[in-house]
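The values are calculated or read from the model by the stated rules, or taken from the named source; none is laboratory data. Remember, predicted model here, so these are calculated numbers, not experimental data. When we count neighbours, we look across all protein chains shown, and the Cβ atoms used for this are built from the backbone with ideal geometry, even at glycine. The protein model used for the area step is the full one, side chains on, heavy atoms only, and it has no ligands, DNA or RNA in it. Shrake-Rupley method; radii C 1.70, N 1.55, O 1.52, S 1.80 Å.
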Amino acid sequence: MVNGDLRIQYYDEELNIRKVIEQADLEHLDQALNICDLSSLERKLRLWHKLMPRIEPHYAVKCNDDPVVVKFLADLGTGFDCASKNELKLVLGLGVSPERIIFAHPCRPASHLRYAKEQQVVNGTVDNEYEIYKLRKHYPDSNLIVRFKSEAKKALCPLGDKYGCDAEADAAALMLLAKALGLKVTGTSFHVGSGCSEVEAYDRAIEKAENIFKVGEMIGHKMELLDVGGGFPGIDDEMFEEIAQSVNTSVELRFPDKRIRIISEPGRFFVEAAYTLICKVHAKREVRSKDGKLDTMMYYLNDGIFGAFAGMFYYPEEVAPELYLDEAESLPKLKSVIWGPSCDAMDKISDLLLPNLNPGDLLGFRNMGAYTMPIASPFNGFDVPETRFFKAK
Amino acid sequence: MPSNMNNKLDPVFSSGFVRREFNDSGIADGKLRTISTSSCATTMSSESYRISLGVGPLWWSDVPVHHRTDHDRASLLTGYSRKSSVDSAGGSLYEASSRASSLSSSQSDCSDLESQPDIHSLCSDDDCQEVLRQILQHDQPVQITIKLHVTEDQYTNWNTILNPVNNLLYVALPKDLPPAGSKQTFISLLEFAEEKLEVDGIVMVMPKDQPDRARLIEAFLFMGFEPLSRKAPQAPPAAINDNENYYFLYSIEE
C-alpha cells in the first residue's frame with residue numbers, strides 16, 4: 001500500500017521465493033505459507049491498461065477476497081464486481097465509492113438488494129423475471145444490466161449452473177418486462193466462463209450484446225453500459241494479449257460510440273499468478289507391492305483440498321510443485337502421491353513423479369491466487385494457510 | 001431425506017433422534033404409522049410444520065396480474081399444516097417429490113398422492129402470519145419441511161429445523177435437487193428465513209458425496225454462504241464426529 005501497510009514486506013527488484021522461505025522460520029509454522037507478490041497485481045493492471053485501455057476492469061472479489069488484495073486494487077483505482085452483501089460491505093468498507101461497483105449476481109435475497117439500495121450501489125445484473133419483480137419492490141431506481149448466456153442452454157437456471165438468460169429468447173422479454181414495470185435497463189453483460197481458452201467466445205458474445213443494445217433502445221431503454229465479464233487468463237499473458245486484441249476489434253466494430261461505457265469482471269487475471277503456496281511434507285509412507293518392491297511414495301502435506309487447494313473441486317488441474325532441494329533436477333524420480341492433511345480420501349492433491357522427499361521438505365506451488373483462499377476452509381478443522389504480502393520497493 | 005441426515009442436522013441430539021416412517025399402504029388405508037425411536041423426544045417439539053414456497057413474487061401481492069406467467073402461480077402457494085394433519089401425507093409426499101424431481105413425466109401421479117388440505121391451498125397473508133406465529137412461539141427446536149416449488153408440479157422438500165435457542169435455521173440439502181429453476185426458489189428459502197422466521201443465520205448441511213458437489217458449493221459460496229467448521233459453535237453437536245457432510249453458514253445481520 002502506498003502509505004505502507006505493516007503487513008507488507010518490501011523487496012528489491014525481484015521477489016526471491018527461496019530467500020523468503022529461508023527467512024520465514026517455517027519450522028515453527030504448522031500451516032502452509034502463502035506468499036503474495038502485490039507487485040504482480042500492479043503489473044497485471046498495467047498490462048490491462050496497455051492492451052485494453054477502453055475497458056475498465058472491475059475485480060471479481062469472489063476470486064480472492066483477502067482485504068489486503070482488495071485494498072491494494074482499490075488504491076490502484078480498479079472497480080469491483082461483488083456477488084453478495086458481504087462482498088459489498090468489504091469493498092465499501094475500504095472507501096470505494098458505490099459507482100465503482102457492479103452487483104453482479106442475478107439471484108439476490110431481498111436483504112442484499114435493500115443493502116445495495118442503502119449504499120447506492122446502483123448497477124446490478126438480472127437474468128430472470130423474478131429478479132426484476134424483486135427489484136421493482138426493493139430497488140426500483142437501480143440500473144438493470146441484463147445478463148445473457150454466451151451459449152444457449154436448455155435449463156431455466158439449475159442451482160449450481162452458470163447464470164445468464166438466453167440472448168435471443170429471453171433478453172428482449174426481460175427488457176420489456178422491466179419497461180412495463182417502470183424499471184430502467186442500462187446495459188448488458190455476459191460471462192464466457194472462468195479461465196476461458198477460446199478467443200472467439202468474446203466476439204460471439206459481443207455480437208449478441210450489440211443486438212441486445214438495439215432491442216433495448218427500441219423498447220426505450222437508454223443503453224449505455226457493456227460488461228464483457230471475466231474469463232481472462234491469469235498466467236498466460238500471450239493468450240491474454242490475443243483475447244485483448246479480439247475484444248478490442250469486436251468492440252470497435254460493434255460499439256464504436258465512445259460514450260458507451262465498457263467494463264469487465266476479471267478475477268484470476270489479477271491474482272492467480274501473484275501467489276505461491278509453500279507446503280511442508282509432514283509425513284511419508286512407502287507403498288510396496290506383495291513381493292516387497294517399492295511401488296509408490298505417499299507424502300502428506302500441511303495443506304490440501306480443504307485448504308488452498310480447494311480450487312481443485314472446480315478446476316482440477318495438474319500441479320507441478322517446485323522443490324527447494326539442491327540439485328533437485330538430477331535426483332532420481334519416483335512415482336508419488338501427495339495428500340492433504342485431513343483423513344479424507346478425497347484430500348488427494350496429485351499423482352506425480354518426485355525425488356525422494358523427507359518430512360520437513362518443502363514443496364512450492366505457483367499461481368495459487370485465484371479461487372483458493374476464499375474457498376479454503378475450516379471444513380476439517382485444520383488451519384488455513386497464512387498469507388504474507390510482499391511488494392517491490 | 002435419509003434419516004441419518006436428520007441426525008446430523010439435529011441441533012439437539014447427538015445420539016437419539018426422532019424418526020418417522022411411513023409407507024404407501026398406510027396412507028392408502030388412511031392410517032398413520034409413526035414410529036418414534038427417540039429416547040429424549042421431549043427436547044424436540046413434537047409438532048412439525050410444512051411451508052410451501054415458490055419462485056416468483058412470493059410475498060409480493062402487488063405484482064400486476066397481466067405479467068404473471070405459469071411459473072408465478074406456484075408462488076402463491078403457502079400451504080401449511082400442523083403435524084396432526086400432515087404426517088399422513090408427509091411420507092408419501094417426500095416419495096412423490098423424489099419421483100417428481102427425477103421423472104418430470106410423473107407429475108400427474110404425484111398430485112394424486114398429495115393430500116388435499118396441505119397442498120395448493122392459496123392462503124392469505126393472515127394465514128401465513130398465523131402459521132408463522134405458531135412456529136415462532138416454540139422455545140424448543142421445531143421441524144419445518146419447506147417445500148420449494150420450481151413450478152406448480154415440480155418441487156423438492158427441504159428438511160429444516162428451527163432452533164430458537166441460537167436462532168439458527170438448520171437446512172439439509174435434499175439428495176434429489178430439481179432439474180431447473182431452483183436457484184430462484186432457493187433464494188425464496190433464504191428470504192423466508194430472514195424476513196419471516198427472522199433467524200440470525202442458516203446452517204446448511206451438504207453430503208460430501210452430493211452429485212455435482214463442486215458447482216453447488218460454488219453457487220452457495222457466491223450466494224454468501226461460508227464454509228463452517230464442524231467444530232464451530234453454530235454447527236449441530238452431532239457434527240463434531242461427522243465426516244460425511246460439509247457445513248455452511250449463511251449469516252444474517254442487520
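When its C-alpha radius of gyration is set against 2.2 N^0.38 Å (N residues), the stretch A:197-241 gives a value of 1.48. In this structure chain A gives 42 Å² per residue of accessible area when probed at 1.4 Å with all protein chains present. Comparing the full protein assembly with the isolated chain (1.4 Å probe, heavy atoms, ligands and nucleic acids excluded), the residues of the stretch A:115-137 losing at least 20 square angstrom of accessible area are A:129, A:130, A:133, A:134, A:136, A:137.
Global dimensions of the stretch A:251-293 from alpha-carbon coordinates: Rg and Dmax equal 25.8, 75 Å. For the stretch A:93-146, the average shadow cast by the Cα convex hull is 3.4 nm², which is a quarter of the hull's surface. By accessible area, using a 1.4 Å probe on protein heavy atoms only, the stretch A:39-109 has 54% of its surface on carbon and sulfur. Taking trypsin sites (Lys or Arg not before Pro) across the stretch A:228-306, the ones in a DSSP loop with at most 13 further Cβ atoms lying within 10 angstrom of their Cβ are A:258, A:259, A:290, A:293. Translational diffusion coefficient of chain A at 10 °C, 1.306 mPa s, Stokes-Einstein with Kirkwood Rh over Cα pairs, in µm²/s as a whole number. For these conditions, the coefficient is 70 µm²/s.
Centre-to-centre, using Cα atoms only, the stretch A:185-258 and the stretch A:277-296 are separated by 49 Å.
Approximating the spin labels as points 7 Å out from Cα along Cα→Cβ, the residue A:330-to-residue A:353 distance works out to 1.8 nm. Averaged across A:171-180, how many Cβ atoms of other chains sit within 10 Å of each residue's Cβ atom? Taking the mean over all residues of the peptide, I get 1. Within the stretch B:155-254, antiparallel bridges make up roughly 75 percent of the DSSP beta bridges whose residues both belong there. Chains A and B together bury roughly 4200 Å² of accessible surface, counting both sides and using a 1.4 Å probe on protein heavy atoms. Full extension of the segment from residue A:9 to residue A:285, taken as 0.36 nm per residue of separation minus the current Cα-Cα distance, would add 95.6 nm. For the stretch A:38-271, the square roots a ≥ b ≥ c of the C-alpha gyration tensor eigenvalues yield an a/c of 1.5 or more together with a/b not exceeding b/c, which makes the shape oblate. Taking the Cα centroid of the stretch A:103-123 and of the stretch A:1-79, what is the distance between the two, rounded to the nearest whole Å? Result: 28 Å between the Cα centres. Computed over the stretch B:156-254, the quotient of the alpha carbon radius of gyration and 2.2 N^0.38 Å is 1.02. Heavy atoms only, probe 1.4 Å: what % of the accessible area of the stretch B:151-254 goes to carbon and sulfur, would you let me know? Accessible surface attributable to carbon and sulfur in the stretch B:151-254 totals 47 percent. Modelled spin labels at residue B:129 and residue A:248, positioned 7 Å past Cα toward Cβ, are 6.3 nm from each other. Qualifying GluC sites (Glu not before Pro) in the stretch A:260-350, where qualification requires a DSSP coil assignment and no more than 11 other C-beta atoms within 10 Å, comprise A:317, A:318, A:327. For the stretch A:3-112, a simple Cβ point-charge model (Lys and Arg +1, Asp and Glu -1, everything else neutral) yields a dipole of about 660 debye relative to the Cα centre.
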